[in-house]
Amino acid sequence: MLKNAFLTLLSLAIAIGLGGSSVWYALNAQDGVGAIRIGRWTAFPEIGTQAADPYLKARVAREGVLTLGRAEGLSFVAERDEAGESLKRECAYTIEGGYPTARFWTLYAADQSLGVIDTGKARQAALQSYEVLRRPDNTVVISVGNRPAPGNWLLTNGFGTMYFVLTFYDTPIASSTGLSDVTLPRILKAGCNA
């Protein structure tokens, strides 16, 4: 009798532990349910709609973020560079390429909570489409790091994991038909502090 009770409790503990860890993983993974991936960038197009699955709704509730509706825009998050390595605050990167059609876009370096990195300086770790310099072919090159760079420069500092968040406002790519032809900028590592 005691053996059966012990086995039952052990089975329940394993089931609850595995179930809880799978939900934790689903809420923290950038490749979760409903995600779309374009290059190294990941987005959840249904996150601000009634069609959002329970995991997306739980993610929004847990993080307390204000989501964009499908007609308002779409946010992409990158956690790896083109070589597949995790983004690190102590490294320098170059973000280069074209940006899809949008009325306005923002790019910022984020910490693990996807909030803007505090640089400790007056200059924030964020850029927006109205202030960047463009090449003649309308592409943009952005240098990211803790040392000033000519042209477009995104300040980061400190150590640890970093994410890039690219948000497009009032854009046709927010509709499901607009995602098939989209290309997003590449993230290339330029070097790391020794």
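The values are calculated or read from the model by the stated rules, or taken from the named source; none is laboratory data. Remember, predicted model here, so these are calculated numbers, not experimental data. Every residue, glycine as well, gets a Cβ built from its backbone with ideal geometry; the counts of neighbours run over all protein chains shown. These area figures cover heavy atoms from the full protein model, side chains too; ligands, DNA and RNA do not enter into them. Shrake-Rupley method; radii C 1.70, N 1.55, O 1.52, S 1.80 Å.
Name every residue in the stretch 62-121 that is at pLDDT 90 or above and of a type in the set (Ser, Thr, Tyr), in order of residue number.
Listed by number, the residues that qualify are 86, 93, 94, 106, 108.
Answer yes or no as to whether residue 53 is at pLDDT below 70, of a type outside the set (Val, Ile, Thr) and in contact with an Asp or Glu (Cβ under 8 Å, 6 or more places away or on another chain). Steps first, please.
Values: at pLDDT below 70: yes; of a type outside the set (Val, Ile, Thr): yes; in contact with an Asp or Glu (Cβ under 8 Å, 6 or more places away or on another chain): yes.
Here the answer is yes, as residue 53 does meet what is asked.
It is to be established whether one or more residues within the stretch 140-157 are in contact (Cβ under 8 Å) with a residue 12 or more places away in the chain, touching a Ser or Thr at 6+ places or on another chain (Cβ under 8 Å) and open to solvent by 60 Å² or more (accessible area, probe 1.4 Å).
yes
Which one is nearest to residue 44 (Cα to Cα), of the residues in the stretch 73-100 that are basic (Lys, Arg) and open to solvent by 50 Å² or more (accessible area, probe 1.4 Å)?
Looking only at the stretch 73-100, we keep the residues that are basic (Lys, Arg), and these are 80, 88-89.
Remaining after also requiring open to solvent by 50 Å² or more (accessible area, probe 1.4 Å): 80, 88.
Working: 80: 17, 88: 23 Å.
The residue in question is 80.
Taking the condition over 18 Å from residue 38 (Cβ atoms), without any contact (Cβ under 8 Å) to a residue 12 or more places away in the chain and loosely packed, with under 14 Cβ neighbours inside 10 Å, does residue 181 pass? Full working, then the answer.
Numbers: over 18 Å from residue 38 (Cβ atoms): no; without any contact (Cβ under 8 Å) to a residue 12 or more places away in the chain: yes; loosely packed, with under 14 Cβ neighbours inside 10 Å: yes.
Criteria not met by residue 181.
Under 8 Å between Cβ atoms, at least 6 apart or on separate chains: pull out the pairs that start in the stretch 101-118 with a residue that is among the hydroxyl-bearing types (Ser, Thr, Tyr) and end on any residue that is part of a loop (DSSP other than H, G, I, E, B).
Close Cβ pairs (under 8 Å, with a partner that is part of a loop (DSSP other than H, G, I, E, B)) amount to 101/171; 106/129; 108/117; 108/124; 108/125.
For residue 122, all conditions in the list (1) in contact (Cβ under 8 Å) with a residue 12 or more places away in the chain; (2) farther than 16 Å from residue 41 by Cα hold save one; what is the number of the exception?
Residue 122 satisfies every listed condition except (1).
Among the basic types (Lys, Arg) and surrounded by 13 or more Cβ atoms within 10 Å (Cβ to Cβ), is that true of residue 123? Steps first, please.
Working: among the basic types (Lys, Arg): yes; surrounded by 13 or more Cβ atoms within 10 Å (Cβ to Cβ): no.
Spelling it out, it is not the case that residue 123 is among the basic types (Lys, Arg) and surrounded by 13 or more Cβ atoms within 10 Å (Cβ to Cβ).
Can you give me the number of residues within the stretch 103-129 that are part of a loop (DSSP other than H, G, I, E, B) and β-branched (Val, Ile, Thr)? Can you show your working first?
Applying the first criterion (part of a loop (DSSP other than H, G, I, E, B)) to the stretch 103-129 yields 103, 111-115, 117-125, 129.
When the remaining residues are screened for being β-branched (Val, Ile, Thr), the result is 117, 119.
Result for the stretch 103-129: 2.
So residue 132 passes all but one of these: (1) assigned to a loop (DSSP other than H, G, I, E, B); (2) closer than 21 Å to residue 191 by Cβ; (3) of a type outside the set (Asp, Glu); (4) open to solvent by less than 30 Å² (accessible area, probe 1.4 Å). Which condition number does it fail?
For residue 132, the failing item is (2).
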